[in-house]
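Here the structure comes first, spelled out in structure tokens, and everything after it is commentary.
The values are calculated or read from the model by the stated rules, or taken from the named source; none is laboratory data. Treat the numbers as computed from the prediction; the structure is a model and nothing was measured. Using ideal geometry, Cβ is built from the backbone for each residue, glycine included, and neighbour counts are taken over all protein chains shown.
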């Protein structure tokens, strides 16, 4: 975020007079404590962007400034480069949009050239850029001799543009003055609505962020201006029942207290704007303020994150409250597609990239509650909150071993391998399961790779089959631990560990801790490999039943064989015909769907046409060619509705595929029931 004139003055003062106190600064520049705090926050963000240390403030109001800040910024009289008064092309586009949004008269080309102080050709090019910007909003700039330049499109989209454009102009140097000038807004009106917003804060028992408090009067003035010109929202998708019982709806009445004939839809829109506005403090929420099931969704998100990141978050209830305070307005932004107005300045640091990735992978409970995916900007905010909490408790995923699973054998096999290795190495952070092509372009940092084949990589590579037996798991774990650490977990001594803990922490119950450590370190082989789930797993024989098993001598082609195998699932409505076509397309693009000699598992993504989880099997006595390397006798179609439900059955299938004896028994089977009898022998926990 660029520094305002006020921020520059404060930073200049601190560099020239580092002994100054908060109280003196507030008095000298007529600032409230809150305004000074906001400016220091923005200055620190700016310093961080320049790879300089932040300025710290003591409880006594003194400032601690690193010497490198003086060295870097104190060399010249112009300590902080001010934004140039000449507008950039992007800034001119924002000005043009604001003129279209706010003007109370017909706009001609002359209006734009006069306001922007550029030539007609420059304005015409800027108008083209403005239209390209508007494509994402489904809006158009139209010109007629009678009405001049106008915005056309749905009013709800225009309101989203209005909020975004006002925000972008306010970010510019001297943004408030520029916005008042370009939109012809009276400073007295801004002061009046600022008072109303502060009254709203008191009524709602919260404090908006300074950024939002600065912005809101302009938004309200511009919205009222559009309403008065007849640009009202008539068809509105917001649910009245969801918003009308909120405190924010009551606060809207205060904002509109002397406005006439404000339609209900407009009151709901302002209510939504208040609900989607970030706050930095709020009173403890009442039962009416809490969105149903939001707290459990946040809690489940945190649990998924803790599992993915291999950490335990301390003071969890406090973190939940902090996340709730942010995610409540985010809930409404996401649900009503307003998140695009929330802009993150700059990109995440390298330190946060892996964390951001793990947080994004953990947001499924929120997505299920809201009914849509979480935009990346919202994930970034959540990442920053969780990352700050981890830093406070001294946690970092940077210190943990980060692993990738690279598997060329299709989505389901890759996911199975990822789950098995995650359970085998619970102390590692597993970032992703990837195809070979995805691995070649992978951007995040990692330490080790698991793959069933050799890969070109400068990191440690461990060759692991897609399906590992019990002894193979034990050997792999020993190999990895010795390679990385030079020891095995079994070599750890409980008494020595307790002695280390005593040196750094108080132990409430030493006997209980000893028992837990011994139970963990001396657990049997199975417990070091499997993490039992309370959720009932679907068995292989529950999916592959006689009615989904087909026997044929041969098939004319691979494509025909897949269609024959999938036919029972199509007839039962488990999958659609589109899913069959998608399987054929994917098998052409990625031939690595052979999971064992003579066995292939074609599959596609759930969104390609899966209605429920299912499997079907085709046995071909003579087989069918699949590439020049394989002749396939068993084609097992897999239909997965998500990444989990079918995995237990797939694991059992992989176990069966690894047995040469039982593969031969299935080839010689004369009926579907004989085949299912063999399948049943692999279908127990």
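Side notes on the structure shown:
- Residue match in segment 459-482 (condition: modelled with pLDDT of 85 or more, under 22 Å from residue 362 (Cβ atoms) and touching a helix residue (DSSP H, G or I) at 6+ places or on another chain (Cβ under 6 Å)): no
- Residue 644 at pLDDT 90 or above and in the same structural domain as residue 550 (by TED's automatic domain parsing): no
- Tallying residues that are surrounded by fewer than 17 Cβ atoms within 10 Å (Cβ to Cβ) and more than 18 Å from residue 302 (Cα to Cα) within segment 390-411 yields 3.
- Flag for residue 151 being closer than 27 Å to residue 333 by Cβ, assigned by TED's automatic domain parsing to the domain that holds residue 225 and touching a strand residue (DSSP E or B) at 6+ places or on another chain (Cβ under 9 Å): no
- Breaking point among (1) crowded, with 21+ Cβ neighbours inside 10 Å; (2) within 34 Å of the chain's Cα centre (by Cα); (3) over 30 Å from residue 422 (Cβ atoms), for residue 624: (2)
- Sub-7 Å Cβ pairs linking a first residue in segment 113-132 that is within 17 Å of residue 100 (Cα to Cα) to a second residue that is surrounded by 11 or more Cβ atoms within 10 Å (Cβ to Cβ) and at pLDDT below 90, at least 6 apart or interchain, are 116/87; 123/116; 126/89; 129/89, ordered by first then second residue.
- Set side by side, the residues 374, 386 differ, and just one is over 30 Å from residue 465 (Cβ atoms), in a helix (DSSP H, G or I), at pLDDT 85 or above and not assigned by TED's automatic domain parsing to the domain that holds residue 595, which is 386.
- Here residue 387 meets the list (1) out of contact with any helix residue (DSSP H, G or I) (no Cβ under 6 Å at 6 or more places or on another chain); (2) more than 24 Å from residue 586 (Cβ to Cβ); (3) surrounded by fewer than 22 Cβ atoms within 10 Å (Cβ to Cβ) almost entirely, failing just condition (1).
- Helices (runs of 4 or more DSSP H) fully within segment 80-164 counting 3 or more residues that are more than 28 Å from residue 3 (Cα to Cα) and over 34 Å from the mean Cα position of the chain (by Cα): 109-116, 120-134
- Residue in segment 358-370 that is over 17 Å from the mean Cα position of the chain (by Cα) and part of a helix (DSSP H, G or I) present: no
- Enumeration of residues in segment 533-560 that are closer than 16 Å to residue 639 by Cβ, modelled with pLDDT of 90 or more and not in a helix (DSSP H, G or I): 544, 545, 549, 550
- Verdict on residue 313 being part of a helix (DSSP H, G or I) and either modelled with pLDDT under 90 or in the same structural domain as residue 354 (by TED's automatic domain parsing) (or both): no
- Yes/no for residue 411 being modelled with pLDDT under 80, assigned to a helix (DSSP H, G or I) and not assigned by TED's automatic domain parsing to the domain that holds residue 595: yes
- Scanning segment 548-595 for residues that are within 21 Å of residue 657 (Cα to Cα) and free of Cβ contacts under 8 Å to residues at least 40 places away in the same chain yields 587, 591.
- Test: residue in segment 20-29 that is under 19 Å from residue 174 (Cα atoms) and surrounded by fewer than 18 Cβ atoms within 10 Å (Cβ to Cβ): yes
- Pick from segment 63-78, criterion touching a helix residue (DSSP H, G or I) at 6+ places or on another chain (Cβ under 8 Å) and in a loop (DSSP other than H, G, I, E, B), ranking: modelled with the lowest pLDDT: 74
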